[in-house]
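The values are calculated or read from the model by the stated rules, or taken from the named source; none is laboratory data. Computed from a predicted structure; not experimentally measured. FYI the Cβ positions are ideal-geometry reconstructions off the backbone, even for glycines, and counts take in every protein chain you see. All accessible areas refer to the heavy atoms of the entire protein, side chains included, with ligands and DNA or RNA removed. Shrake-Rupley method; radii C 1.70, N 1.55, O 1.52, S 1.80 Å.
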Amino acid sequence: MDFRQLRYFLAVGEEASFSRAAERCFISQSAISHQIAKLEQEVGATLLERSTRSVRLTPAGKRLMPIAEEVLALEARALEVGHEPRGSIRITANMSFASQSLDAISRVRERHPNLDVEFVIKDFTDRVSAVASGDADLALIRG
């Protein structure tokens, strides 16, 4: 299994069409079909139900879709390692902010992959001191 096969599988799954997926990936329909067949063989399951009119994900294909998306996202993140972050921000808060903050940080990271965002848990006094000393850029405080 390789990244290319997963990329083609995602395209076919999202487009629900081998021909549209092939256009999207800039390859021939037969090449994409061949790579999907190899992927199905390696996985040991049929991933796509094919008919003359449509293409649909099988139960195994539905299970593979989010995994393939995650693997390709990790590939993109791994390739970014060689690029220096354009910026960084260090945020400090206590545990009561954690769930809301981590969700927001995740969205920021998706939109700005070259931004290094660090989230550090500290008590109130340490948060204030961290910002004052320059150890943190932002402290989340209630009240």
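Quick rundown of the values:
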| quantity | calculated |
| --- | --- |
| Relative contact order computed over the chain (Cα-Cα under 8 Å; 6+ residues apart), in percent | 19 percent |
| Among [x] 82, 38, 34; [y] 66, 30, 24; [z] 77, 43, 23, the entry that matches Cα extents along the principal axes in Å as calculated here | [y] |
| For the stretch 128-143 versus the stretch 40-89, the gap between their alpha-carbon centres in whole angstrom | 39 Å |
| Amide proton proximity set for Thr92, modelled H, under 5 Å, gap of 5+ | Val120, Leu138, Ala139, Leu140 |
| Between 0 and 90°, nearest 10: helix 59-80 axis offset from the chain longest Cα axis | 50 degrees |
| ³J(HN,Hα), Karplus 6.51/-1.76/1.60, whole Hz, each residue of the stretch 89-102, x for Gly, Pro | 9, 10, 10, 10, 7, 9, 4, 5, 8, 4, 5, 5, 5, 5 |
| Exposure rank, largest accessible area first [Thr58, Thr46, Thr52; 1.4 Å] | Thr52, Thr46, Thr58 |
| The stretch 1-108 - percent of accessible surface contributed by carbon and sulfur, probe 1.4 Å | 55 percent |
| Relative contact order computed over the stretch 9-58 (Cα-Cα under 8 Å; 6+ residues apart), in percent | 34 percent |
| Accessible solvent surface per residue of the chain, calculated while the other protein chains remain in place, 1.4 angstrom probe, Å² | 66 Å² |
| Under the Karplus curve 6.51 cos²θ - 1.76 cosθ + 1.60, θ = phi - 60°, whole-Hz ³J(HN,Hα) for the stretch 13-19, x wherever Gly or Pro sits | x, 6, 7, 6, 6, 5, 5 |
| Between helix 29-43 and the chain: long-axis angle, C-alpha atoms, 0 to 90°, nearest 10 | 70 degrees |
| Qualifying trypsin sites (Lys or Arg not before Pro) in the stretch 45-143, DSSP loop, other Cβ atoms within 10 Å at most 11 | Arg53, Arg86, Arg142 |
